[in-house]
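> Can you read through this structure? Questions will come right after.
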Amino acid sequence: MLQLLPPLAYLATAVFLIHSALRRPLGDWRVPAVIGLLFALFSVVTVLQEGLLQFWINHTTSFAGNQVWFDLLIAVAIAFYLIAPRARAVGMPLLPWAVAVIATACLALLPMLARLLWLERRAAA
């Protein structure tokens, strides 16, 4: 299973990105909400199986681990930077979200995006 999940996730991400590039991106708040829920459940299983310390060990024992850590930090910073103006425009308090994203990366970023899309849809209605 550990060998199968990464290529499947990569394929799903590629399909999502290509769809977003060729058509209007999916703007439904439920998409990041469901992905966030599934990722949170997988993260709970991971923490129960391997412990919190394993995340640090994975990112600090090799150049490859460092590279993945830097990639995660850069991607999360880019996403937050791009989401922030839209979130501010619909009245979302950014500081609590920033702290949550700093602490948990995409575990908080996905619900933040879901909330943003929900608020934007509500404002448009």
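The values are calculated or read from the model by the stated rules, or taken from the named source; none is laboratory data. Predicted model, so just to flag it, every value in this text is computed and none were measured. Note that each Cβ is placed from the backbone with ideal geometry, even for glycine, and that neighbours are counted across all protein chains shown.
> Would you check which residues across the stretch 1-19 are among the β-branched types (Val, Ile, Thr) and under 16 Å from the mean Cα position of the chain (by Cα) and list them?
13
> Might you let me know whether the stretch 44-61 holds any residue that is under 19 Å from residue 108 (Cα atoms), in contact (Cβ under 8 Å) with a residue 24 or more places away in the chain, among the polar types (S, T, N, Q) and surrounded by 12 or more Cβ atoms within 10 Å (Cβ to Cβ)?
The answer is no; no qualifying residue exists.
> Please give the number of the condition residue 67 fails out of (1) surrounded by 11 or more Cβ atoms within 10 Å (Cβ to Cβ); (2) part of a helix (DSSP H, G or I); (3) more than 13 Å from the chain's Cα centre (by Cα); (4) at pLDDT below 95.
That leaves (4) as the condition not met.
> Right, here's the next one. Name the pairs whose Cβ atoms lie under 7 Å apart, with the first residue in the stretch 99-125 and within 20 Å of residue 38 (Cα to Cα), the second basic (Lys, Arg), and 6 or more positions between them or separate chains?
Within 7 Å, the pairs are 116/86.
> With (1) assigned to a helix (DSSP H, G or I); (2) at pLDDT below 95; (3) surrounded by fewer than 11 Cβ atoms within 10 Å (Cβ to Cβ) as the list, and residue 20 as the residue in question, which single condition is left unmet?
Here residue 20 clears every test but (3).
> Does residue 75 fit the bill of being out of contact with any strand residue (DSSP E or B) (no Cβ under 7 Å at 6 or more places or on another chain), of a type outside the set (Phe, Trp, Tyr), surrounded by 12 or more Cβ atoms within 10 Å (Cβ to Cβ) and on the phi > 0 side of the Ramachandran plot?
no
> Tally up the residues in the stretch 78-97 that are outside any loop (DSSP other than H, G, I, E, B), surrounded by 13 or more Cβ atoms within 10 Å (Cβ to Cβ) and of a type outside the set (Lys, Arg), please.
Taking the stretch 78-97 as the starting set, the residues that turn out to be outside any loop (DSSP other than H, G, I, E, B) are 78-89, 94-97.
Checking the rest, the ones that are also surrounded by 13 or more Cβ atoms within 10 Å (Cβ to Cβ) come to 79-80, 83-84, 86-87, 94, 97.
Add one more test, that the residue is of a type outside the set (Lys, Arg), and what stays is 79-80, 83-84, 87, 94, 97.
Number of matching residues: 7.
> Residue check: is residue 102 more than 20 Å from residue 27 (Cα to Cα) and of a type in the set (A, V, I, L, M, F, W, C)? Walk me through how you get there before you give the answer.
Numbers: more than 20 Å from residue 27 (Cα to Cα): yes; of a type in the set (A, V, I, L, M, F, W, C): yes.
Here the answer is yes, as residue 102 does meet what is asked.
> Looking only at residues in the stretch 26-58 that are in contact with a Phe, Trp or Tyr (Cβ under 9 Å, 6 or more places away or on another chain) and part of a loop (DSSP other than H, G, I, E, B), which one is modelled with the highest pLDDT?
Of everything passing the filter in the stretch 26-58, 29 is modelled with the highest pLDDT.
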